[in-house]
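Comments concern the structure below.
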Amino acid sequence: MLAPRAGMQHVPTHDFHAPPISRTVQYKKVTKPLLERKRRARINKCLDELKDLMVGALEELMLKLRKLVYLES
């Protein structure tokens, strides 16, 4: 093992004296990504439903316009 140079100190890469992570912090680290995933899934589901509603409404509108054009001619 090499000795540290003069004026340089050895800095440990792991701090074994750091306070332990609280259960609340651990819980948030685990649950936050899960909640975010559920939130995004809910938003995507709502967007799909909205798209289906819009497609249905546009099809109905097109049918009414075709009837109107047919009746006018």
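The values are calculated or read from the model by the stated rules, or taken from the named source; none is laboratory data. What you see is a predicted model; the values in this text were computed from it and never measured. All Cβ positions, even for glycine, are placed from backbone atoms using ideal geometry, and neighbour counts span all protein chains on display. With ligands, DNA and RNA removed, areas are computed over all heavy atoms of the protein, side chains included. Shrake-Rupley method; radii C 1.70, N 1.55, O 1.52, S 1.80 Å.
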With a 1.4 angstrom probe the carbon and sulfur portion of accessible area for region 33-73, in percent, totals 66 percent
Neighbours of GLU59 by Cβ distance under 14 Å: Lys/Arg at +1, Asp/Glu at -1, summed charge +2
